[in-house]
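Trainee: Sharing a structure with you now.
The values are calculated or read from the model by the stated rules, or taken from the named source; none is laboratory data. Everything numeric here is computed off the predicted structure, so don't read it as measured data. Backbone-built Cβ (ideal geometry, glycine too); neighbour counts: all protein chains shown.
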Amino acid sequence: MNTQSLTLGSILTMIILTKINEAEYIDDMYQNEYLYFKSLKDFRSSSEDKSGRLDPKELNLKNSQIKTLSIFIDSKKIDLHDNCSNFKGQLMEHLSDSKINCCSMHWLVIEPEKPPLTYDKRLLEMGNKALLIYNLDEFYKILDSSLEKLNLEYSRKRVTYYDPETHNGELTLHSKDRKYDYQNEYRILITPTDNNPVKIPPPGLKNISLVVESKSLENLRIEMTE
């Protein structure tokens with residue numbers, strides 16, 4: 001359990017890592033105690049899907065604001081930045097040859113006797129069941145141990161969200177377009193991989209998690225006594 005001290009009094013805040021997907025995958029992960037890691041490049045797509053998993057900007061490492069844009073043809077030059085009102089443009093650079101797999105979860109925040117602060121109905125598009133991991137300290141310990149035994153490098157942290165129309169500079173693989181900020185994603189990256197799916201077994205996962213219908217997430221409550 002994580003606690004956070006706020007300026008207006010001391011309020012208990014619990015964090016629950018929440019993996020949402022279709023029932024067949026969530027049930028199998030729970031019963032067989034593993035996490036599913038998919039190639040990060042598989043999340044990069046020229047089109048977006050309803051679930052919000054596919055992102056045309058995935059693997060982007062830089063987002064630069066374009067100041068000028070011109071067309072040259074037959075010794076003629078047309079300055080588009082002068083001929084278009086409210087001209088805006090971005091130059092994006094992405095990692096083209098990655099051998100990185102990803103497991104993404106929702107960083108669910110909840111206070112006593114209140115609905116989850118981060119719940120959003122759009123999360124339900126990801127699947128009808130959810131794996132809730134409620135002991136984060138133990139989870140990090142067993143996960144890190146498994147990754148190290150497999151000789152995998154890893155990076156795990158919350159995703160930060162940026163505005164492509166204003167951000168000018170470097171990005172990391174833990175950065176996403178702010179249109180996805182409702183996902184409040186906690187991302188675990190592992191490398192090197194062959195870009196095929198990987199199942200990572202954190203032994204004892206059942207002891208620190210449970211499975212629920214994803215539609216029940218908005219009804220989740222915690223209680224406390226003094």
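Trainee: What residue, of S104, S98, is in contact with a helix residue (DSSP H, G or I) (Cβ under 9 Å, 6 or more places away or on another chain), surrounded by 16 or more Cβ atoms within 10 Å (Cβ to Cβ), at pLDDT below 95 and closer than 30 Å to I133 by Cβ?
Mentor: S98
Trainee: Right, something else. If I ask for residues that are within 16 Å of Q183 (Cα to Cα) and in contact with a Lys or Arg (Cβ under 6 Å, 6 or more places away or on another chain), which ones from the stretch 44-66 would you list?
Mentor: If the condition is that a residue be within 16 Å of Q183 (Cα to Cα) and in contact with a Lys or Arg (Cβ under 6 Å, 6 or more places away or on another chain), then E58 is the only one that fits.
Trainee: Here's something else I'd like to know. Would you confirm whether any residue within the stretch 117-124 is in contact (Cβ under 8 Å) with a residue 40 or more places away in the chain and either under 13 Å from the mean Cα position of the chain (by Cα) or within 22 Å of L59 (Cβ to Cβ) (or both)?
Mentor: Scanning the stretch 117-124, I find at least one residue that is in contact (Cβ under 8 Å) with a residue 40 or more places away in the chain and either under 13 Å from the mean Cα position of the chain (by Cα) or within 22 Å of L59 (Cβ to Cβ) (or both), so the answer is yes.
Trainee: For the stretch 180-207, what are the residues that are within 10 Å of the chain's Cα centre (by Cα) and part of a loop (DSSP other than H, G, I, E, B)?
Mentor: N184
Trainee: Continuing with this model, one more query. Within the set of pairs 6 or more residues apart or between chains, which connect a residue that is on the phi > 0 side of the Ramachandran plot inside the stretch 177-202 to a residue that is of a type in the set (S, T, Y) with Cβ atoms less than 8 Å apart?
Mentor: Close Cβ pairs (under 8 Å, with a partner that is of a type in the set (S, T, Y)) amount to N184/T118; N195/S39; N195/S98.
Trainee: Examine the stretch 145-162 for a residue that is in a helix (DSSP H, G or I), more than 18 Å from the chain's Cα centre (by Cα) and surrounded by 16 or more Cβ atoms within 10 Å (Cβ to Cβ), and state whether such a residue exists.
Mentor: Looking through the stretch 145-162, at least one residue is in a helix (DSSP H, G or I), more than 18 Å from the chain's Cα centre (by Cα) and surrounded by 16 or more Cβ atoms within 10 Å (Cβ to Cβ).
Trainee: Check the stretch 208-226 and report whether any residue there is of a type in the set (S, T, N, Q) and part of a loop (DSSP other than H, G, I, E, B).
Mentor: yes
Trainee: Go through (1) assigned to a helix (DSSP H, G or I); (2) over 24 Å from E22 (Cβ atoms); (3) not aliphatic (A, V, I, L, M) one by one and return the number of the condition S96 breaks.
Mentor: Condition not satisfied by S96: (1).
Trainee: Can you tell me how many residues in the stretch 174-194 are closer than 21 Å to E153 by Cβ, among the polar types (S, T, N, Q) and crowded, with 16+ Cβ neighbours inside 10 Å?
Mentor: Of the residues in the stretch 174-194, 2 are closer than 21 Å to E153 by Cβ, among the polar types (S, T, N, Q) and crowded, with 16+ Cβ neighbours inside 10 Å.
Trainee: Return yes or no: is E138 closer than 28 Å to I208 by Cα, assigned by TED's automatic domain parsing to the domain that holds L17 and acidic (D, E)?
Mentor: Considered against the rule, which asks whether it is closer than 28 Å to I208 by Cα, assigned by TED's automatic domain parsing to the domain that holds L17 and acidic (D, E), E138 comes out as yes.
Trainee: Check off (1) under 27 Å from I200 (Cβ atoms); (2) modelled with pLDDT of 95 or more; (3) in contact with a His (Cβ under 9 Å, 6 or more places away or on another chain) for R44 and give me the number that stays unchecked.
Mentor: (2)
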